[in-house]
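See below for the structure under consideration.
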């Protein structure tokens, strides 16, 4: 019976672990899964960006997909097969990390604690600008929103933002 050198085993295990971590973290600022169903992009992005499923917990997606006939005041009904497919995919890709552990009020991403904290310095009138319209319009400021990238280094000023707000944004 062969014995394994403990040092060699530890080094090989560490190298394997680091390799796995680096590939998993390669797109860490990208929240949209690579294998996104076309029906998700087609159906959901018809009215708003296709939000990355990791922004909400499973329970939020389950409730949302179970009530598409009243999707925030709009009838977003889909055929049963598409609902089933998208619900399974959303639940499998839902956020499981601490910041999305609990469902936000009304299952709204913009009402989640982490969203409110990250946007606490945005004045309410900025959300009402014609170029923004609401806090749910991520693409108004986040240039990578369509790809699921919300990196603070890639922000743009929305049209109509006054100089006072621009200064506050840069602080």
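Any read-out appearing in this document is the output of simple, stated calculations on the displayed coordinates, not a laboratory observation. Source: prediction; values computed, not measured.
Quick one: grab the alpha carbon gyration tensor of segment 31-109, order the square roots of its eigenvalues as a ≥ b ≥ c, and give me rounded if a/c is under 1.5, else prolate or oblate depending on whether a/b is larger than b/c. Oblate, since a/c reaches 1.5 and b/c is not below a/b. Seen through its C-alpha gyration tensor, with square-root eigenvalues sorted a ≥ b ≥ c, segment 68-171 comes out prolate because a/c lies at 1.5 or above while a/b is bigger than b/c.
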